[in-house]
Amino acid sequence: MKARSMAGVLAVVMAVSFASAQDFTTSVAAKSKAMLFTLQGLATLGAGDFNGGFGAKYYLSNAMALRLGLGLVMANETLPLPDGQSGTEGKRSATGFGISAAMEYHLLPTRVSPYVGAGLGFSTQSTNYEALLQSPATFQRTTENARAGEDIGNNTYYAGSALNIGGIMGVEFFVTKEISLSAEYQIGYTMIATPDEKDNIVAGTTNIYKTGGVSFIGIGSTNASGGIINDAGALTLSVYF
């Protein structure tokens, strides 16, 4: 349903735009700059962060553009003590950072501008859990980088680091001279490494659970920002200035 909604919205926007302006030239040229946003809730075209972070684009020439993405996550949740208990409150937390860069080469300087390119992204995230210290206990249970993740604010955060590299092929459509919508396919290699889980469930004893990593090669319609959050199949809104 999401893919159909996206296709329908894009088709309507393109049809209206083509009908309203046949002689159309974009404002894009060397040194053009744009801020990037990810369209969320396509039924209402709500715009949010660029794949969970900040995104920008800069044209090095009339056809070549550099795209950058930055992602940051700092989530914390306090776990209050049960009624009648004394001690230190517990907490869950997650911290993450991501960065990416991609080059776009636009094949046509037209309203519908197909492009090809390549990108590289890296992200890393860690989690921590501290259980309630209830009297008369003398220690506090802690878990670092739980394999099952940590649920904070209705979101699940997982520890690990990811590296992805690959080629991109997409289309950018200019709704106006300063506003465009784009979508792309990617084919690339992704490697994910997860840290060992450290669980202190007995005072003075730490259990270590070994974890591994995964890697895969595939084709997808995801804008890889290197950020912590990634929206598969989303449209990207670019605002030029």
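The values are calculated or read from the model by the stated rules, or taken from the named source; none is laboratory data. Keep in mind the model is a prediction, meaning the values are calculated, not measured. Here Cβ is always computed from backbone atoms with ideal geometry, including for glycine, and neighbour counts include all displayed protein chains.
Structure summary
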{"read-out": "Filter result for the condition that a residue is in a loop (DSSP other than H, G, I, E, B) and either more than 18 Å from the chain's Cα centre (by Cα) or surrounded by 18 or more Cβ atoms within 10 Å (Cβ to Cβ) (or both), over 198, 177", "value": "177"}
{"read-out": "Among the candidates 90, 96, 153, residue that is at pLDDT below 90, under 20 Å from the mean Cα position of the chain (by Cα) and closer than 29 Å to residue 210 by Cα", "value": "153"}
{"read-out": "Unmet criterion (only one of (1) modelled with pLDDT under 80; (2) within 22 Å of the chain's Cα centre (by Cα); (3) not in a loop (DSSP other than H, G, I, E, B)) for residue 43", "value": "(3)"}
{"read-out": "Residue in region 104-111 that is surrounded by 15 or more Cβ atoms within 10 Å (Cβ to Cβ), modelled with pLDDT of 95 or more, under 19 Å from residue 239 (Cβ atoms) and out of contact with any Ser or Thr (no Cβ under 6 Å at 6 or more places or on another chain) present", "value": "yes"}
{"read-out": "Within region 146-194, tally of residues that are within 17 Å of residue 218 (Cβ to Cβ) and touching an Asp or Glu at 6+ places or on another chain (Cβ under 8 Å)", "value": "3"}
{"read-out": "Matching residues, region 141-173, being farther than 27 Å from residue 185 by Cβ, part of a strand (DSSP E or B) and not polar (S, T, N, Q)", "value": "144, 150, 151, 152, 157"}
